[in-house]
Amino acid sequence: MVVDDHPMWREGVARDLTEAGFLVVATSGEGRQAVRVAAAARPDVVVLDLQLPDISGVEVILGLRAALPTVRVLMLSASGEQQSVLDAVKAGATGYLVKSTAPAEFLEAVHRTAAGEAVFTPGLAGLVLGEYRRLAAGPGRGSAGAAEPATPQLTERETEVLRLVAKGMSYKQIAQRLGLSHRTVQNHVQNTLGKLQLHNRVELTRYAIERGLDD
């Protein structure tokens, strides 16, 4: 699904996606409408603009995640401001690209988003990881009596993959590092998401960083 208030841009993105083999189930130019339509159309991925005429992209993300908890949201915005990126990711966006991204890179990002990867315009991934590290280092980490989460229930290989996810590596990079296939790495990530009851790779990255697995 494509959500953008500029008709020519919205139609152009939808056309590019269709020509690349994606099924575009809906488009919308307004945030509230997008949430209603998505609840009925049930897209796997929503390509979403940050600035909409009625409500903000962040509010749309929250509405989408409430209606479709497993939906993956790829922000495609003219703004590369740090706060905009962090607000979107905290609301549940899976990735964030600026509109100056090349078409081929955008289509690859949609493929990766559909596969559950966190995709960011170069330079923004480090910003997001840095923010997660800052939050993880805040009050409460390592406090006495705090229950450690479910890392022990992961297999050794799942934990190894999780550490590399926390470092911001793509599935392809992890596969090359560990000598595994892309599909095997993806399966390990999906199994880990299920065990930890998380929804996407962004949440998984935050989980790993909060537990010091990115060291």
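A simple count of charges around Val185, restricted to other residues whose Cβ falls under 13 Å of its Cβ and scoring Lys, Arg +1 and Asp, Glu -1, yields +4.
Net charge in the neighbourhood of His199 (other residues with Cβ under 12 Å of its Cβ; Lys, Arg +1, Asp, Glu -1) is +3.
Ranked by the mean number of other Cβ atoms within 10 Å of their residues, highest first, the peptides 20-33, 47-60, 86-99 come out as 86-99, 47-60, 20-33.
Quick note: the coordinates plus some simple rules give every number you see, no bench work behind them. Note that this is a predicted model, so its numbers are computed, not measured. Cβ coordinates were reconstructed from backbone atoms using ideal geometry, including for glycine residues, and neighbour counts include every protein chain displayed.
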